[in-house]
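Visitor: Here's a structure for you.
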Amino acid sequence: MTPRQKGLLIAIIGTLGATPDAMLLRLMKQFGGSGSVITVWRFVTVGTINFGTAVFSQGGLCPLLNGLLASPCTVICAALLLSVSSTGFVVSLLEVDPAKALLLISLNPLWAALLGYMCLNDELPTRTMIAQAMSLLSITLVFAPDILIVLGPGSSVRPSSEILDIVPLFTGVSMACFLTFSRWCSLRSVSDAALDVAPSVSSLMIASVAFVCVRQLGANSLFLGLQPGFWLTLLLNSVGICAYNIATVVAPRFLPGAEVALVLLGETVVGPLWVLAFFGVVPSVWTLAGGALLLGTLVWHGLADIQKAHEVPGSLNSSMSSLSSPEGHTSGSALLRFSVSPVVSPRTQLASCSMDSLQEDLLSPNAASITHEDISCHL
């Protein structure tokens, strides 16, 4: 499995784990959990599981601690970014229409692409830029009714959730910042342990703040009123979110942040379907149209990536086979055309000398016996 395929697989698994998040959060609410109580238990459980996976991935507690001591600032920065995005995600799903919230958060590939281009000098293939534009169009479709209300002639009505819509928007920006930061650490060989443990530190921070809020609201117990179904739902939700957290940390080591974010957008399409199946909340026609466009964009981008991956080795093989004669040796005239092509790096005199030496060999009487191995020695 190539590094790219490994990154895609990790991102897909993380996406599938997070798809029922909105549905499970609403179920926990039905089983007696308030928003603050759900937040405390959710992040305590997620932090515990993520810490266990970090210890396992680093080969033990001592290697993990050594990695943390080597780059403490990385842990702090990553944990803060994750705290903002995770808190915003929960608030968005609990207080904003889930389909609209997920699609607004899904703008994060656009932010990730811009941040990667500006901060990491990531190259953006044409297919990725097209996918970014199509994802932006899908978001515009979802918000078309609100836009028409605001821009309507003589209308002073504004969307009721306009202020709350800022929360998922800012959540998407913070997610893009974390993906870019994770890739920046990977490119500079920063300790993996620092990023592996960041979700646990982030979860502990959020759980602590939520616990304080629970006490200020007058709740005397985190167990009061919780039904048995709450704990099963909590466990399922925590496992899925842990998979998502691992994907956001590990996948950028193999893929640009913009492409990881595009794969994670799959949650946007599947998430509202879980809510529809369990609660009967039917997304609007505009939301369905935007989701369909987004899904088609993701499928097209994935197929384009696969085709591009197959084209590169195929073109190299065809180029080498065109230089070979039926007897398995290399044709002197073909090699001469190959050898006199412009040198890729004119600043490297050694490469130029090697090409000159190769050309002299090709013009010798023994040119017909030159093989691919001889060419490799010159190059």
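The values are calculated or read from the model by the stated rules, or taken from the named source; none is laboratory data. This is a predicted model, so every value here is computed, not measured. With ideal geometry, Cβ positions are generated from the backbone for all residues, glycine too; neighbour counts draw on all protein chains shown. Surface areas here come from the heavy atoms of the whole protein model, side chains and all, with no ligands, DNA or RNA. Shrake-Rupley method; radii C 1.70, N 1.55, O 1.52, S 1.80 Å.
Visitor: What number goes with the only condition from (1) under 19 Å from Arg183 (Cβ atoms); (2) surrounded by fewer than 23 Cβ atoms within 10 Å (Cβ to Cβ); (3) not hydrophobic (A, V, I, L, M, F, W, C) that Gly17 does not pass?
Guide: (1)
Visitor: I'd like to know if the stretch 82-98 contains one or more residues that are open to solvent by 10 Å² or more (accessible area, probe 1.4 Å) and more than 23 Å from Leu234 (Cα to Cα).
Guide: The answer is no, given that none of the residues of the stretch 82-98 is open to solvent by 10 Å² or more (accessible area, probe 1.4 Å) and more than 23 Å from Leu234 (Cα to Cα).
Visitor: Go through (1) out of contact with any Lys or Arg (no Cβ under 9 Å at 6 or more places or on another chain); (2) surrounded by fewer than 23 Cβ atoms within 10 Å (Cβ to Cβ); (3) more than 21 Å from Val269 (Cβ to Cβ) and name the single condition Ala78 misses.
Guide: Of (1) out of contact with any Lys or Arg (no Cβ under 9 Å at 6 or more places or on another chain); (2) surrounded by fewer than 23 Cβ atoms within 10 Å (Cβ to Cβ); (3) more than 21 Å from Val269 (Cβ to Cβ), only one is false for Ala78: (2).
Visitor: State yes or no: is Asn108 in contact (Cβ under 8 Å) with a residue 60 or more places away in the chain, surrounded by 23 or more Cβ atoms within 10 Å (Cβ to Cβ) and more than 17 Å from Ile166 (Cα to Cα)?
Guide: Details: in contact (Cβ under 8 Å) with a residue 60 or more places away in the chain: yes; surrounded by 23 or more Cβ atoms within 10 Å (Cβ to Cβ): yes; more than 17 Å from Ile166 (Cα to Cα): no.
For Asn108, the condition - in contact (Cβ under 8 Å) with a residue 60 or more places away in the chain, surrounded by 23 or more Cβ atoms within 10 Å (Cβ to Cβ) and more than 17 Å from Ile166 (Cα to Cα) - is not met.
Visitor: To continue, here is another question. Provide a single number: the residues in the stretch 279-303 that are surrounded by 12 or more Cβ atoms within 10 Å (Cβ to Cβ) and either under 16 Å from Ser135 (Cα atoms) or at pLDDT below 65 (or both).
Guide: Counting residues in the stretch 279-303 that are surrounded by 12 or more Cβ atoms within 10 Å (Cβ to Cβ) and either under 16 Å from Ser135 (Cα atoms) or at pLDDT below 65 (or both) gives 16.
Visitor: If you take just the helices (runs of 4 or more DSSP H) that sit entirely in the stretch 178-264, which of them hold at least 3 residues that are open to solvent by 70 Å² or more (accessible area, probe 1.4 Å) and under 30 Å from Leu27 (Cβ atoms)?
Guide: Answer list for the stretch 178-264: 192-216, 228-250.
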